[in-house]
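Reviewing the structure listed below.
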Amino acid sequence: MNIRKSTTPGTLDRPLTHDPKKQAPMTPTLSELPPRESDALASRQNRKLEMQLMPEALARAHMQQRLQEAEHERRSMHLLAARRLQRRAERASLRARRALAMAVMQ
């Protein structure tokens, strides 16, 4: 088997060295980043991005509104059910009082 030393830097799977101090940093420094052409270009690109994201923001707001409406509907249905059960309990209580009064009178 012929083993030769590679002159290319190591990869993530097979690093050139396992010593972390001797490995290349993973994130580029500010000096390595390419300079921006101008703020106008960046602003225009930012506006383009905002325009592309507007439908998502609109859909998110619409879904939030629908969720709030659904929660309000659930609360109102819960309140109506509670009132219905309260009236039923009051009627049962009145029937029990009447039955007790009839039993005492006899």
Expected vector for the stretch 67-77, Karplus 3J(HN,Hα) from phi with 6.51, -1.76, 1.60 and θ = phi - 60°, integer Hz, x for Gly and Pro, equals 5, 5, 4, 5, 5, 4, 4, 4, 4, 5, 5
Once the dipole of the stretch 59-99 is set up from charges on Cβ (+1 Lys and Arg, -1 Asp and Glu), the residue from the list Gln65, Gln86, Ala96 lying farthest towards its positive end is Ala96
So, with points 7 Å from each Cα along the Cβ direction, the His78-Arg91 label distance in nm works out to 2.5
Placing each pseudo-label 7 Å from Cα in the direction of the beta carbon, Val104 and Met51 end up separated by a distance in nanometres of 8.3
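Each value in this text was obtained by applying a stated rule to the coordinates, not by laboratory testing. Small disclaimer: the values here were computed from a predicted structure and weren't measured. Reconstructed Cβ throughout: ideal geometry from the backbone, glycine too, with neighbour counts over all protein chains shown.
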